[in-house]
Amino acid sequence: MKFRLSLLLIITTLALSACNFTLAADVTPPPDYTPPAPIPTLQLYPSSAPNVENGAVLFAQHCAPCHGETGMGDGPQGIQLEGVSVPAFALPEIAHPKSASQWFTIVTQGNLERYMPPFAKALSDQERWDVISYALTLHTTPEMIEKGKTIFETNCANCADKFTNPEKMAALSETDLVNLIKTGGGDIPPFGSDLSDEDAYAVAAYLRTLTFAPPQLAAEPATVTGTPVSPEAGTPSAEATHLEGTAQAEVTPEAAAIAGVGPVSGVIDNQTGAALPSDLKVTLHGFEHGADPNAGPQEVLTLDGVAEADGVFKFENVEIPERRIFVAEVTVDGITYQSDFALVETGAVEVTLPDIVVHATTDDYSTLTVDTLQIFFDYANADSIQAFAVYSIMNTTDKTVLVNMGDAQEIPFITFPEGAEGLGYEATQDSASFTPTDSGFAIAPSEVPYGLVAFASYPKDGKIEFKQLMSLPVTSTVIFLPEGVTAKGDNLTDGGIQALQGTNFQVYDGGSLNTGDTITFTLSGKPEATSDTADVTQNQTLLIGVGALGLVLIIAGVWMYLRDRSRIEEKDEEEDEFEDSESVLDAIIALDDLHRAGKLNDEAYHNRRDELKAKLKEES
């Protein structure tokens, strides 16, 4: 079996964690049945002003691997998704029509059709507003914002308070704002009726910033003190480069007084029960975005130092310009542990990193639990039926669990169904971070669940007898089937037909399971054909990727590529094929899919894309 520890965007099943359902009217639930909690109603505006600088840090961690450092959809993980284009929201034509509330909903619940996983667990409400607010700046420049501010203050000097209500602004796209600027509405006069589109969008971009938190007021994980310093970045000083095994020099008042230079310190929270290794190396990494929000984070320094016996470490005379991002890491017992990120605020002359927590280790994986197990069946392939089991795994102990995958590269606590071919495993994007080891990987204690998807395949030759042994206790099991397919089993409760992202699923609740239990049920029936899925059973591809451990992973392909290919081929035959700007955007995305899959040569691709972009401007 193969395992991949990556941030690759995952398949349909990742969005299913946001699904809720109710019992069918004609089914009486058992006495101990507890229905899954419904999705809470989203508040579609931020409770506190979004912190764009914090959003930049979160974007680098959670979004850039797929969406790219500058939001152009060219991240190293995203480009591996054959047949699916990652939206390039740094393009104005993509960013202008979308409101902040729409983006917040997508980040929270995921986007089934584009394999966008939900981040409701990985990020708090405020962190999601922070990261989308940063994303909303990626198609702008500081010069554009300043230009918009000048035009606005010249034409509507007393209007600023009309654009600071967070609820109203979150619901407005930049296209909506341009319409207000040009035509007015309510108590807003048409102060920009004579503006060009370029100038109007510059004003709209500036108006968006009126709801952002000022940088000096934004709370960050770093603890900083001191007086204002120069924000100019530079290279690390020679004094800051410590060699492994050497003593750290004490900071002097003279050194602390140097503008933009100071100590970066932290503590290793040793929870192993044993002394830390002597001369334990600590590595400090520094990253910068620069003044231009379109510039992605770049590593600008790497320093090695040594921790004291009590876990305290300090890097002296480090250049700490405003907005630099720091993170430190150590390796103990073959496991690499990191601090959280710290962002340098205005006026900082000292940075204190969040603690690096180091745990004792164990190879007893029976201490793990499965919070939820979601099993999804895909009938799109003509020859086989794919089964995706999504595990939400918790380690609530005080030890890091070492998982030895052995020569067969199998995860010992995840079995595949009897009679099915096990294809492999994949980490979900909103998972807590797995740590690679020489023999497999490690699962450290975490309040954030670890997400794993196990892929299996059945031959398409009639009924499926699903039977799988549970090696860990499972709190909740939910089964998702295509509409038209039914399941029968002693412990299943029918949840009825439920719609998710425009697609209907037959849902069953399988209850809780103990270690050693076997979940058993029989599938029968065929998926109901729809306009979107009529052609998908003709073909389905397998994606092959190389993981962080150099292991090969095979994951199930998706039918959206075929659907989009069909749509674009039909549209190419029509003269006036688009109803609105959204359909043009769909066509651009589908065209990108075809080009990436090698179905269009470069010349045809660029010619058609230029035509579609011109059409998009006409529709906007």
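Structure data summary
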read-out: Strands (runs of 3 or more DSSP E) wholly inside the range 446-529 that include at least 1 residues being in contact with a strand residue (DSSP E or B) (Cβ under 8 Å, 6 or more places away or on another chain), closer than 24 Å to Leu368 by Cβ and of a type in the set (Lys, Arg); value: 464-469
read-out: Any chance Ser433 is under 30 Å from Ala360 (Cα atoms), of a type in the set (Ser, Thr, Tyr), under 26 Å from the mean Cα position of the chain (by Cα) and in a loop (DSSP other than H, G, I, E, B); value: yes
read-out: Complete set of residues in the range 318-336 that are modelled with pLDDT of 90 or more, surrounded by 20 or more Cβ atoms within 10 Å (Cβ to Cβ) and in a strand (DSSP E or B); value: Val318, Glu319, Phe326, Val327, Ala328, Val330, Val332
read-out: Residue in the range 148-162 that is within 27 Å of Cys66 (Cα to Cα) and of a type outside the set (S, T, N, Q) present; value: no
read-out: Condition check for Val370: over 30 Å from Asn504 (Cα atoms) and either in the same structural domain as Leu276 (by TED's automatic domain parsing) or not in a loop (DSSP other than H, G, I, E, B) (or both); value: no
read-out: Residue match in the range 385-393 (condition: buried (at least 20 other Cβ atoms within 10 Å of the Cβ) and farther than 30 Å from Gly75 by Cα); value: yes
read-out: Residue in the range 318-333 that is under 24 Å from the mean Cα position of the chain (by Cα) and of a type in the set (Val, Ile, Thr) present; value: yes
read-out: From the options Asp407, Asp378, Asp461, residue that is touching a residue at least 24 places away in the same chain (Cβ under 8 Å) and of a type in the set (D, E, K, R); value: Asp378
read-out: Top-ranked residue of the range 434-458 - restricted to ones that are free of Cβ contacts under 8 Å to residues at least 60 places away in the same chain and hydroxyl-bearing (Ser, Thr, Tyr), ranked as farthest from Asp383 (Cα to Cα); value: Ser446
read-out: Qualifying residue in the range 258-277 (condition: part of a strand (DSSP E or B), closer than 20 Å to Asn54 by Cβ, touching a Pro at 6+ places or on another chain (Cβ under 9 Å) and modelled with pLDDT of 85 or more); value: yes
read-out: Candidates Pro76, Pro117, Pro97 - the one that is buried (at least 21 other Cβ atoms within 10 Å of the Cβ) and over 28 Å from Glu322 (Cβ atoms); value: Pro117
read-out: Filtered residue count, the range 404-430, keeping only those that are surrounded by 21 or more Cβ atoms within 10 Å (Cβ to Cβ) and either in the same structural domain as Thr331 (by TED's automatic domain parsing) or in a strand (DSSP E or B) (or both); value: 5
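Let's see how each residue does on (1) within 27 Å of Thr105 (Cα to Cα); (2) at pLDDT below 90; (3) not hydroxyl-bearing (Ser, Thr, Tyr):
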residue: Glu447; (1), (2), (3): yes, yes, yes
residue: Lys460; (1), (2), (3): no, yes, yes
residue: Lys467; (1), (2), (3): no, no, yes
residue: Ser476; (1), (2), (3): yes, no, no
residue: Asn514; (1), (2), (3): no, no, yes
residue: Asp517; (1), (2), (3): no, no, yes
residue: Thr533; (1), (2), (3): yes, yes, no
residue: Thr541; (1), (2), (3): no, yes, no
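Per-residue answers, yes or no, for (1) assigned to a loop (DSSP other than H, G, I, E, B); (2) of a type in the set (A, V, I, L, M):
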{"site": "Pro97", "(1), (2)": "yes, no"}
{"site": "Phe119", "(1), (2)": "yes, no"}
{"site": "Tyr134", "(1), (2)": "no, no"}
{"site": "Glu146", "(1), (2)": "no, no"}
{"site": "Asn158", "(1), (2)": "yes, no"}
{"site": "Lys162", "(1), (2)": "no, no"}
{"site": "Lys168", "(1), (2)": "no, no"}
{"site": "Leu177", "(1), (2)": "no, yes"}
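The values are calculated or read from the model by the stated rules, or taken from the named source; none is laboratory data. From a predicted model like this one, the values you see are computed outputs, not experimental measurements. Note: ideal-geometry Cβ built from the backbone for every residue, glycine included; neighbour counts use all protein chains shown.
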